[in-house]
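The structure appears below as structure tokens.
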Amino acid sequence: MKKGKTNIHSLMHYIVAAFEEIDVSYSFIESAALWIQGVELEEPFEVKLQFQWDGLDTVYQRFSEHQPSPLEQDITRGSFHFDWNGIPVTMECLFNITVRTNPYRIKVVHDGAEFWCLSLYTYLYCEIPKETEKAIHTYLLEKQQSVTTKNEEAWNQNQYMALVNRYGEPEELAVKISRNPDWRLYPFRKYLGNLKKQKVAHLMGSNGIKAVAMSLLGAHVTVVDFSKENERYALELAKYANASIQYVVSDILAVTMKEEMQQDFDVVLMELGVLHYFLDLKPLFETVAKLLRPGGKFVLHEFHPISTKLITSTGKKHKVTGNYFDPSIVENQVAFSKHVEADQKPALTTVLQRKWTLGEVITTAVRAGLTIEILEEEPNHKSHDIGLPKTFTLVAVKR
């Protein structure tokens, strides 16, 4: 470890121990928070944190041995700073703001110690220096690559049989889709328009059910997915339905490099349970924008974050058990696990997911150059869940 990093590391541990000693809540912020989470930053940088406002006198007294600056106070905040072995330290509190209730406050374990800091996602939706924004996106992209590798492994084990268990043999399902292909595209069918001769890219198109339906309605459909088992099922399904689809086995973020994708698509479709596989929406939506022709349409149909992040339903009872704003990356069973034989489930690889708020989805889409035309929030139709949103459909156009 370089000397600078060693000093910062020692300082962080010292500060954490001091706040635990005086029992005052705190959060490292800005560069210090990013450093704790693994984002590479130029050194040296200021170590800055916020603490619970009613502990101001206690905190100032605890660090008095470092000859801190005089307390600075106004109607909104109090702060002081000092120097620790050449590293500037600033501590501040925001009056009448509770540190513990900040939804973007997360705990990071480092060398056996717990560090409380603001999540790096806090800084992607505010004005920050370009070099800092780039460092965050670089970190997330590197982490995404390792996550994608693990998720790809999970989706290439037992998936074909799970699809058969859920939907039946491809030959049987093909007959059902052919009878009413429009129904397979509910509720976003109305936003796809006349599909005849339209070039459609279905990203993370999985089992090919939607692709086959669109092909039967006249579209030229290219499915992109990293699961070879999904590809096998989809191509068999297309054959039995007398439909023509192209299937590209690839990581979505690398797909624009594929020869088959060197074209401008009229429609890019993503639907149901896909966004949470991405740790950063910026490169995903930029990929969507690259694939679309000018005037092309992006249709995103997803589970509503109210249902995935906030509320747990059991019968007639609904409980707020989650944190809508929680930016944590969590480990879950792969989605098809419930359709796998019980004796095979323990061997299944888990997947890592990051669930997004509507605000994060909309903001990132706009920043990628997409103009949002429609955001429809669709209700849950179960009798006990009437009044709760279940899914949403976002329609955006590339100008």
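The values are calculated or read from the model by the stated rules, or taken from the named source; none is laboratory data. Since we're looking at a predicted model, the values are computed, not measured. Note that we place each Cβ from the backbone using ideal geometry, even for glycine, and neighbour counts take in every protein chain shown. Just the protein is used for accessible areas: all its heavy atoms, side chains included, with ligands, DNA and RNA removed. Shrake-Rupley method; radii C 1.70, N 1.55, O 1.52, S 1.80 Å.
If you plug the beta carbon distance of Gln262 and Leu388 into 1/(1 + (r/R0)^6) with R0 = 45 Å, you get a FRET efficiency near 0.60. Please give me the summed charge of the neighbours of Leu118: other residues whose Cβ is under 9 Å from its Cβ, Lys and Arg +1, Asp and Glu -1. Spelling it out: positives minus negatives among the neighbours equals 0. Taking all protein chains as shown and a probe of 1.4 angstrom, Cys93 keeps an accessible surface of around 0 Å². Here the chain is treated with +1 on each Lys and Arg Cβ and -1 on each Asp and Glu Cβ, and its dipole about the Cα centre works out to around 1740 debye.
For segment 164-268, the alpha carbon positions stretch 35, 30, 22 Å along the principal axes, listed from largest to smallest. Value of Rg to Rh for segment 79-234, rounded to two decimals, is 1.19; Kirkwood radius and Rg both from alpha-carbon coordinates.
If you model segment 139-212 as an ellipsoid using its alpha carbon gyration tensor, with each semi-axis the square root of five times an eigenvalue, the axes come out at 28, 20, 9 Å, biggest first.
Here Glu20 and Asn332 are evaluated by their C-beta separation; at R0 = 35 Å the FRET efficiency comes out at 0.65.
Other residues whose C-beta falls under 13 angstrom from the C-beta of Ser244 contribute a net charge of +3, scoring Lys and Arg +1 and Asp and Glu -1. At full extension, Gln73 and Lys228 could sit 49.7 nm farther apart than now, given 0.36 nm per residue minus the alpha carbon distance.
Residues in segment 138-152 carry Karplus couplings, in order, of 5, 4, 5, 5, 5, 5, 4, 4, 6, 5, 4, 4, 5, 5, 4 Hz; the curve used is 6.51 cos²θ - 1.76 cosθ + 1.60 with θ = phi - 60°, and Gly or Pro positions show x. Each label point was placed 7 Å from the Cα along the Cα-to-Cβ direction; for Cys126 and Thr138 their separation is 2.3 nm. The per residue volume of the convex hull around the alpha-carbon atoms of segment 1-98 is 99 Å³. Relative protection proxy for 146-155, 61-70, from highest mean packing down: 146-155, 61-70 (other beta-carbon atoms within 10 angstrom). By a 1.4 Å probe calculation restricted to protein chains, Thr222 has an accessible surface near 10 Å², given to the nearest 10. If you average the C-alpha positions of segment 245-309 and of segment 126-201 separately, how far apart do those two centres end up, in angstrom? Centre-to-centre (Cα) distance: 8 Å. Using a cutoff of 8 angstrom between alpha carbon atoms and counting only pairs six or more residues apart, the relative contact order for the chain works out to 13 percent. In terms of its C-alpha gyration tensor, segment 73-134 has a rounded overall shape, because the principal axis ratio a/c (a ≥ b ≥ c, square roots of the eigenvalues) stays below 1.5. Placing pseudo-labels 7 Å out from each Cα toward the beta carbon at Ser244 and Leu11 gives an inter-label distance of 6.5 nm. Note on the chain: helix-only mean residue ellipticity at 222 nm, from DSSP H runs of 4+ residues weighted -39500 (n - 2.57) and normalised by residue number, equals -9500 deg cm²/dmol. If R0 is 56 Å, the Cβ-Cβ spacing of Lys197 and Tyr324 corresponds to a FRET efficiency of close to 0.85.
For the chain, the orientation-averaged shadow of the C-alpha convex hull comes to 23.3 nm² (one quarter of the hull surface). Every Cα-Cα pair of segment 204-314 was included, and the share exceeding 17 Å stands at 58 percent.
DSSP finds beta bridges in the chain, and of those with both partners inside it, around 65 percent are antiparallel.
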